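The values are calculated or read from the model by the stated rules, or taken from the named source; none is laboratory data. Predicted, not measured: the structure shown is a model, and the values here were computed from it. Cβ: placed from backbone, ideal geometry, glycine included. Neighbour counts: every protein chain shown. Accessible surface is based on the protein model in full, side chains and every heavy atom, while ligands, DNA and RNA are left aside. Shrake-Rupley method; radii C 1.70, N 1.55, O 1.52, S 1.80 Å.
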Amino acid sequence: AITRIKARQILDSRGIPTVEVDLYTNKGMYRASVPSGASTGMYEAVEMRDGEKGKFLGKGVSKAVNIINAKISEALIGMDPALQSQIDQAMMGLDKTENKAELGANAMLAVSIAACKAGAAEKEVPLYKHIADLSGTSNPILPVPAITVISGGKHAGNNLAVQEIMILPIGASNFGEAMQMGCETYQHLKVIILERNGSSGCNVGVDGGFAPNISSIAEGLDLVKVAIDRAGYNGRIKLAIDVAATDFCIGKKYDLDFKAPNKSGQNFKTGEDMIEMYTQLCTEYPIVSIEQPFDKDDWERTKLFTSLGKCQVVGDDLLMSNPKCIERAIHESTCNALLLKVNQVGTVTEAIEVVKKAKDAHWGVIISHRSGETEDSFIADLAVGLATGQIKAGAPCRGERLAKYNQLLRIEEELGAEATYSGENWRQA
Ligand code: PGA
Ligand code: ZN
């Protein structure tokens, strides 16, 4: 049974406060912390911040911490941590709002994840196994990592509008090999950027991708292509981009120069231009997935692009991990993959439900980190337990990103001969 819950304010990878929880049972202490991101939407669960200007620019989380230490702790002490849905229901019962505004999704998620870890220990099974049981998943699967290699958009200080270029080692035979292929390509890319853009080009963005001062997505893809070639993985590594187009949609147009100091005005694209650009890129490069290709409100254009069948089309801000938005997008065939950010949902139980909804519709599912991360590796176990087939956790650079990839290496070792890597089945694991 849960005997004690103690929350505190810690710091995420950007130096911004976040919530950490130590949850105690008769078996031991289980710790969890929550991430936070740059893109936030109307329909996602509410992140509770103090708003006290003189402290951390208003971003403190002491209110959320106090809610855990008083209200939540009072309600959960004595409960069996293995009963995840009862714990999450108890918190939702206390909160009573639709968007977790009363307790804060950051407070609830930290407790929910800590309870999930304690539940696994209670049952004496690994965390991914407990998550598989909770969700009715028969076979845990190691996901294909979408490894960020070039950063742009709001995640880096270069002129590149697009937020991320990722590599997917789909042709690896196991997760360990996938990481080896990804890391080698990343190291080759560093040298290539050094040669072409100088050492400052090797500075990294918030999620560890290199941020050379390139101005077009094609220029970035070319650099990555050369790196894959030099590493010797031609054909075995595919490409993905997260456009995060909401961040540079102005009116109905897309400003591909939104960060450039001297804008020519040449790079203002219409939705049609963008479709044309993506179609061209998918023909010239081995791109298999494009995330948030249009503004979050441009459902029609997203649907049109999805219907062309060029690649997996991933909804990030479009969906905000919100069950109602996902249902609508499934119904209207707006996109065909979900980017799941657990902190937009707020509890483990609801995250499992949302993933099931997407899988039932034969969508791809990517379990995702946030730009503001902690050393908590929960999403690694979540991706394996739910057998999503895909995970996105940044570059092989910066500890909070490696925390997830390294946990996946441990899980693969533990599963031994039983380990399955999604590989070529990355979309329908
Ligand atoms: P965020 O970025 O955590 O800054 O929102 C992640 C993503 O866009 O995929
Ligand atoms: Zn995104």
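Go through the range 289-295 residue by residue and turn each phi into a ³J(HN,Hα) via Karplus (6.51, -1.76, 1.60, θ = phi - 60°); whole Hz please, and just put x for glycine and proline.
Values, residue by residue: 8, 10, 9, 6, x, 9, 4 Hz.
Order Arg410, Arg236, Arg427 by their accessible area, 1.4 angstrom probe, all chains in place, largest first.
Details: Arg410 130, Arg236 80, Arg427 60 Å².
I get Arg410, Arg236, Arg427, largest accessible area first.
Once amide H atoms are placed 1.01 Å from N in the peptide plane, what residues at a sequence separation of 5 or more from Gly394, or on another chain, have their amide H within under 5 Å of its amide H?
Result for Gly394 returns Thr148.
How big is the range 327-429 by Rg and Dmax over its Cα atoms, in Å?
Rg, Dmax (Cα atoms, Å): 13.9, 41.
Per the 1.4 Å probe, what fraction of the accessible area of the chain, in percent, lies on carbon and sulfur atoms? Don't jump to the answer; show the numbers that get you there.
Working: 8040 of 16530 Å².
After summing per-atom areas, the C and S share lands at 49 percent.
Pulled fully out, how much extra length does the chain show between Thr97 and Lys123, if you take 0.36 nm times their separation in residues and subtract their Cα-Cα distance?
Values: separation 26, 0.36 × 26 = 9.36 nm, distance 3.18 nm.
Taking 0.36 nm per residue and subtracting the Cα distance, the gain is 6.2 nm.
Looking at the chain, do any whole DSSP H helices span at least 24 angstrom along their long axis by alpha carbon and average 0.5 or above on Kyte-Doolittle, and which?
105-123
Any idea of the accessible area per residue across the chain, 1.4 Å probe, to the nearest Å²? Write out the running numbers ahead of the final one.
On the way: 16530 Å² over 429 residues.
Spelled out: the 1.4 Å probe surface of the chain, per residue, equals 39 Å².
Any chance you could list P(r) for the chain, counting all Cα-Cα pairs in 20 angstrom bins from zero, rounded to whole %?
Histogram of Cα-Cα distances, whole percents per bin: 27, 59, 14, 0.
Can you list, bin by bin at 10 Å, the percent of alpha carbon pairs in the range 171-298, starting at 0?
Each 10 Å bin holds this share of Cα pairs: 11, 37, 36, 14, 1.
Straight distance only, please: which lysines reach the Cα of Lys129 with their own Cα at less than 19 Å, same-chain residues fewer than 8 apart left out?
In chain and number order, the partners are Lys27, Lys117, Lys356, Lys359, Lys404.
Is there a quick way to get the dipole size of the range 211-361? I mean about its Cα centre, with the Cβ of Lys and Arg at +1 and of Asp and Glu at -1; what is the value in debye to the nearest 20?
Here the size comes out at about 300 debye.
Identify all aspartates and glutamates with a Cα-Cα distance to Lys238 below 19 Å; exclude those on the same chain that are fewer than 8 residues away in sequence.
Glu164, Glu177, Glu184, Glu219, Asp222, Asp229, Glu284, Glu291, Glu424
Which of Ala211, Ala380, Asn336 sits farthest toward the positive end of the charge dipole of the chain, with +1 on the Cβ of Lys and Arg and -1 on the Cβ of Asp and Glu?
Most positive-ward Cα: Ala211.
What is the projected area of the convex hull of the Cα atoms of the range 241-380, averaged over all directions, in nm²?
Numbers: hull surface 38.6 nm².
One quarter of the hull surface, i.e. the mean projection, equals 9.7 nm².
Could you pull out every residue, at least 5 positions away or on a different chain, whose amide H is within less than 5 Å of the one on Leu11? Hs are placed 1.01 Å off N in the peptide plane, and Pro or chain starts have none.
Thr18
Sequence neighbours fewer than 8 away in the same chain don't count; with that in mind, list the lysines whose C-alpha is under 21 Å from Lys53.
Qualifying lysines at Cα under 21 Å: Lys63.
Can you pull the percent of Cα pairs in the range 105-229 with separation above 25 Å?
Numbers: 3443 of 7750 pairs.
When every Cα pair of the range 105-229 is considered, 44 percent fall beyond 25 Å.
Please list, by residue number, every one of the trypsin sites (Lys or Arg not before Pro) in the range 44-130 that is coil in DSSP and has at most 15 other beta-carbon atoms within 10 Å. Provide the component values of the computation, followed by the final result.
Values: sites: Arg49, Lys53, Lys55, Lys59, Lys63, Lys71, Lys96, Lys100, Lys117, Lys123, Lys129; in loops: Arg49, Lys53, Lys55, Lys59, Lys96, Lys100.
Qualifying residues, ordered by number: Lys53, Lys55, Lys96.
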